[in-house]
Each structure stands twice: as structure tokens, then as C-alpha cells.
Amino acid sequence: MKTILKWMLAAILICGPMSFTSCSKDDDTIVVPSQKEYFTQWNSCEALSALKEYVEDVTNPSSANFIKEEDRIATFDMDGTFVGELYPTYFEYNMLEYRVLEDETYKDIAPADVKEAAQDIRDFVREGKPLPSHFDMKHALAAAKAYAGMTLAEFDAYVKAYASKQANGFQGMTYGESFYKPMLEVFNYLKANGFTFYVVSGSDRFICRALVEPLGISPNRVIGMDVKLRSSSQGTTAGVNYTMGKEEDLIRTDELIIKNLKTNKVLQISQEIGKVPVLSFGNSGGDCSMHNYCLSNSYRSEAFMLIADDDERDHANREKALTLGNQWREAGYHVISMRDDFKTIYGERVKKTDFTF
């Protein structure tokens, strides 16, 4: 019976729609299929060949490049690497815009700087107005304030409720279902070959945890942007001087700890994982530091960059993506073309549509 259930879960993961109720929280949710079923969503391509050759080499005990299982660490950016980000911008940006400008429980009490950040997102999405320089930090500071006072359970429920909404620009897919199906097969393949993978994202850690929960990725393997937490009755007392009671909850504060981008990703990997990755997957310049850290490993290591070059099945800027692809190759990264290498992105039932506002 257990074997049958595992095969059913594998079919849901690889072929069926994703939802926050479709999978268990067990780490075995990402189920290892038989060898002949690996990479059914991929076309034959250079990047996939490179990945398979690498894994076969470093898992071969007779190879000079053999890596022990405990050192087979892979890191994955989230947005644009295995979760959609072109609807029409990042999930956490869309959610902040909704929280500040549409949520009846909050929009009238949002601070002025938080409203300004949300309006920046709306102007970018609806009018095409460029976001201000260093907007990643402006957003992070605004988001810290926008969700301050929520317990972790309340925030988790808020994220999942927003994720259940129809993804802007797509038919047949919610935000919470917007996984790149070919990349889920990479998770399966690496797990089958003794790799441990971590999500290392610039997005809020607790947003990431909520979004990847259906994949069975454990919360302790998710690294992201962080805000300070406090106990619900702690007040302004320092944690070192306060003893939390059994009846208390953990609450988000408005104080940002770290925006997990660029070199900050490397610092967090070192602090939380304690080992240098041997595989790294990303899609933007914010992932280059993580890739370079990986490639500094004394073990044989590889880094992969996805480029959003499919303007038929996704909302992509193909010209920009191809320019980036050349840049990533010159940097020594393998390039994954979503247009050429993926048989499907979100699944055949999902169709690209015009954005609605």
C-alpha cells in the first residue's frame, strides 16, 4: 500500500495540478521515479546532458571526482528558477501591492512609505514605469512593515490565500501552482542520487516555505529574506532577558534582518548549511555570487542559469534573455533555455493570456 501511495504522489507532482492540499508535508512528497521516467518534460539539450554527466561522474565511487553523499549539496533560487515570476512580477511584489492597495483590513492604515512602495509596483505593472533604483531593498523594508504583528500561522495562511488566486496572465493556473514542471524533475533526479537541495531565495523566507510546502521541501531547507520575530507578550524586552510562555505565539516585527540577494546568499548558505554547494541553480544576477561560491568548491561543481526566452508560453523578453544567456555562458555557467529545453513550462492545460488589471 505504501508503494502505491508513493507512485500516486509522483504522478501528481510530475503531471497533475499543484495545490496546497494535493500533497502531504512529508519530505517523501518528491518521489523518486524509475530511471526511464526521468526528465520526461525536457527536450534533449546541452544543459540537461551536462547535468546528467556531472551527476553520473560525482556519484561514481570509481571516479576521481566522487563526492560523498553528505557533501552533495545543491542550492536553488526560487523565483524564475523553479517558480514563475512573470505574472507580471514577483509573487511577493504582487502580494504587497494587494495587501496595501486592495486588502480592506489594511489599506486604510498602511504607512505612507509602504503605500509608496506598493504604488511603485502598481505603476510598474500597469503603466510600465521603471521601478526605482534599489527597489529590492525598498520593497523589503515596506514588506516588513506591511505584515508586522501577524503571527507566523496568520502570515502562512495569508500567503496561501493569495497563492490560491488565479495567476495574472495565465489561464488554468493559480500562483501556488506555478511550478516549472521540468525543474521539479531535477529535484527528483538529485534526490534519487543522494543530493540534498536547499531553496535560497531573495523572497521572504516564510513566503518561500508556504509556496514550496506542496513539494515536500522541509522548512529547514528554505533560506530567504528575514525579519525579526518576537514573542506575542515580549514587548520591547530583549529576548535574552525574557522567558516565553507556553501560551504565546511568535509574531513578525517591522525590523528587517537581511535581504537575501547576491553575496548575502553566500553568507546565509555558509551560516545555515555550513558547506559549500556543489550544484547551484538560478536565473538572474542576484544568483551569481551563489554560483561563484559553488564553483569555488574543491569538489567538481557546476552552476546553471535559466533564461526566460519563451515568449509564447510565458511573458518573456526574449531579446533580453538571449543577451543574458551569452553573459552567463561567458561566466562559466550552463544555460537552460525555457523555450528550447522545456517540453512544457507549467503543463499543457496552462495557457498564456493577456494581463488583467
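The values are calculated or read from the model by the stated rules, or taken from the named source; none is laboratory data. Bear in mind that the values here come from a model prediction, so they are computed numbers and not experimental data. Every residue, glycine as well, gets a Cβ built from its backbone with ideal geometry; the counts of neighbours run over all protein chains shown.
TYR293 passes all but one of (1) crowded, with 20+ Cβ neighbours inside 10 Å; (2) assigned to a loop (DSSP other than H, G, I, E, B); which number fails?
So the condition that TYR293 fails would be (2).
Does region 111-132 include one or more residues that are touching a residue at least 60 places away in the same chain (Cβ under 8 Å) and under 20 Å from ARG205 (Cβ atoms)? Show your work before the answer.
Step one: filter region 111-132 for residues touching a residue at least 60 places away in the same chain (Cβ under 8 Å), giving 125-126.
Then keep just the ones that are under 20 Å from ARG205 (Cβ atoms); that gives none.
Within region 111-132, not a single residue is touching a residue at least 60 places away in the same chain (Cβ under 8 Å) and under 20 Å from ARG205 (Cβ atoms).
State the number of residues belonging to region 228-249 that are among the hydrophobic types (A, V, I, L, M, F, W, C) and buried (at least 16 other Cβ atoms within 10 Å of the Cβ).
Count: 1.
Would you pick out the residues in region 167-200 that are in contact with a Gly (Cβ under 9 Å, 6 or more places away or on another chain), part of a strand (DSSP E or B) and farther than 18 Å from LEU215 by Cβ?
PHE170
If you scan region 29-56, which residues turn out to be touching a helix residue (DSSP H, G or I) at 6+ places or on another chain (Cβ under 7 Å) and modelled with pLDDT under 95?
THR29, ILE30, VAL31, VAL32, PRO33, TYR38 - these are the residues of region 29-56 that are touching a helix residue (DSSP H, G or I) at 6+ places or on another chain (Cβ under 7 Å) and modelled with pLDDT under 95.
Can you name every residue in region 201-216 that is surrounded by fewer than 23 Cβ atoms within 10 Å (Cβ to Cβ) and not in a helix (DSSP H, G or I)?
GLY216
Can you pull out every residue in region 269-290 that is crowded, with 22+ Cβ neighbours inside 10 Å and closer than 15 Å to ILE73 by Cα?
ILE269, PRO277, VAL278, LEU279, SER280, PHE281, GLY282, MET290
Do we find a residue being closer than 30 Å to GLU127 by Cα, surrounded by fewer than 16 Cβ atoms within 10 Å (Cβ to Cβ) and under 18 Å from the mean Cα position of the chain (by Cα) anywhere in region 303-314?
no
Residue under question is LYS107, and the condition is that it be in contact with a Phe, Trp or Tyr (Cβ under 6 Å, 6 or more places away or on another chain), under 26 Å from LEU250 (Cβ atoms) and not acidic (Asp, Glu); does it hold?
So LYS107 does not fit the description; no.
Mind checking whether some residue in region 233-253 is touching a Pro at 6+ places or on another chain (Cβ under 9 Å) and either outside the structural domain of TYR158 (by TED's automatic domain parsing) or closer than 24 Å to VAL55 by Cβ (or both)?
no
Scan region 331-338 and give yes if some residue there is among the hydrophobic types (A, V, I, L, M, F, W, C), in a helix (DSSP H, G or I) and either surrounded by 19 or more Cβ atoms within 10 Å (Cβ to Cβ) or in the same structural domain as ASP287 (by TED's automatic domain parsing) (or both), otherwise no.
Yes, that holds for at least one residue.
Out of all the residues in region 267-287, which are in a helix (DSSP H, G or I) and closer than 9 Å to MET305 by Cβ?
ASP287
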